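Peer 1: One structure, pasted below without further comment.
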Amino acid sequence: MKKLAIALGGGGARGLAHIGFLRIIEKEKIPIARISGCSMGAMVGGSYALYQDADAVEELAYHFIEQPVFEGFNFDDFAAIDKVGNDLKSKAISVMGHIKVGLSLFKTLANPGIYDEELVRKAYHNYPDHLIEKLPLKFFAIASDLITGEEVLLKKGSMRLAVRASSSIPGYLPPVKWGNHLLVDGGVSNLVPTQYFRKTEKELIIGVNVSRPIKDKVDLSSGLDIMQRAENIRNYHLTKLKVSNADKVVSCPLGDISWADFKEAAAIIKAGEKAARRLLPWLEKALV
């Protein structure tokens, strides 16, 4: 029986879908050879490579997002920008979100990110810190080097620091020093890192994409809306190129859930399970 090489893509809160995806793969006793991860995909992938238990990863995720320090990131304000609806309440929430985020961006004029190093360190304090090269399951995270512009594979060293680097959203979180590198979110260069898996007869390469699909009808009434739209378009085309070596790319049915809406964690995880179940008939034939 073939094994899976799974690349878990970035997407903020939407990346919690990876937990559900891995849970179904685990329940079906489908062997995993290796995992790669970008941003939230790195956070989930690294912890799964350690525990090899989706329930344990889910428990860790909830502990992470429910800790008091997590409120300091004000993700509700960012999620408010993405609120969909024509009613007065939805519009008011969206407007307030735009104002709060706009004011936050002023911090970046004199700092490397909206949020400082101390807050980030506290938030990641309870994330497990093991040597990547000694994890029970092979794992690497991907990050982007601000100095060279290159992608950097984090295959050795502190898993906690690697996950921090892979998920350091530029402008929001401070870059991470890693040797001679200055690293930010892997999604800057490679949102679903399948390309570093070698094609073999013994493994199937699976990419799990949690980014938003490109829609024709979007609100482009503000500069922030336009920035986000441009980012979505860039991610769409970049990801399409980067996953060309994958045997299968799975998209999770997450609708319009915001990358910052961690309050939707339960629904997001269920969407990951749904995506995995849809994949099972194909896997049943391909794994033989």
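The values are calculated or read from the model by the stated rules, or taken from the named source; none is laboratory data. Quick caveat, the model's predicted, so the values are computed rather than measured. For the accessible areas, the whole protein counts, side chains as well, though only heavy atoms, and no ligand, DNA or RNA atoms are used. Shrake-Rupley method; radii C 1.70, N 1.55, O 1.52, S 1.80 Å.
Peer 1: Report, in degrees rounded to the nearest 10, the 0 to 90 angle that the Cα long axis of helix 40-51 makes with the longest principal axis of the chain.
Peer 2: 40 degrees
Peer 1: Where the accessible area of the chain is counted over protein heavy atoms with a 1.4 Å probe, how much of it, in %, is carbon and sulfur?
Peer 2: 55 percent
Peer 1: A follow-up question, please. Test of understanding: express the Cα radius of gyration of segment 140-288 as a ratio to 2.2 N^0.38 Å, with N the residue count.
Peer 2: 1.14
Peer 1: Let me ask something else about it. Please quote Rg/Rh for the chain to two decimal places, taking the Kirkwood radius as Rh and restricting both calculations to Cα atoms.
Peer 2: Rg/Rh: 0.95.
Peer 1: Next question, about the same structure. Hey, can you find the accessible area per residue of segment 143-288 for me, probe 1.4 Å, expressed in square angstrom?
Peer 2: 53 Å²
Peer 1: Still on this structure: Tell me, rounded to the nearest percent, the portion of alpha carbon pairs in segment 30-79 spaced more than 14 Å apart.
Peer 2: Tail of P(r) above 14 Å: 60 percent of Cα pairs.
Peer 1: Excluding residues fewer than 8 places away in the same chain, name every one of the aspartates and glutamates whose C-alpha is closer than 18 Å to that of K242.
Peer 2: Within the straight-line limit of under 18 Å, K242 reaches these aspartates and glutamates: D145, E150, E151, D185, E231.
Peer 1: Also: Per residue and in cubic angstrom, what volume does the convex hull of the Cα atoms of segment 15-56 have?
Peer 2: 57 Å³
Peer 1: Continuing with this model, one more query. Ratio of Rg to Rh for segment 137-220, alpha carbon only, Kirkwood?
Peer 2: 1.04
Peer 1: While we're on this one: To the nearest 10 degrees, how steeply does helix 54-66 sit against the main Cα axis of the chain, on a 0 to 90 scale?
Peer 2: Between helix and principal axis, roughly 10 degrees.
Peer 1: Same structure again: Within the set K3/K177; K155/K215; K134/K240; K177/K270; K29/K274, which residue pairs have Cα atoms separated by over 24 Å?
Peer 2: K3/K177; K155/K215; K134/K240; K177/K270
Peer 1: So how far, in whole Å, is the C-alpha centre of segment 252-288 from the one of segment 177-222?
Peer 2: The distance from the Cα centre of segment 252-288 to that of segment 177-222 comes to 16 Å.
Peer 1: Quick one: what Rg and Dmax do you get for segment 1-88 from the alpha carbons, in Å?
Peer 2: Spelled out, the Cα radius of gyration and Dmax of segment 1-88 are 15.4, 55 Å.
Peer 1: Hey, what angle do you get for helix 88-104 against the long axis of the chain, alpha-carbon based, 0 to 90 degrees rounded to 10?
Peer 2: Tilt relative to the chain: about 90 degrees.
Peer 1: When DSSP beta bridges are limited to those with both residues in the chain, what percentage is antiparallel, rounded to the nearest 5?
Peer 2: Looking only at bridges with both residues in the chain, the antiparallel portion is about 35 percent.
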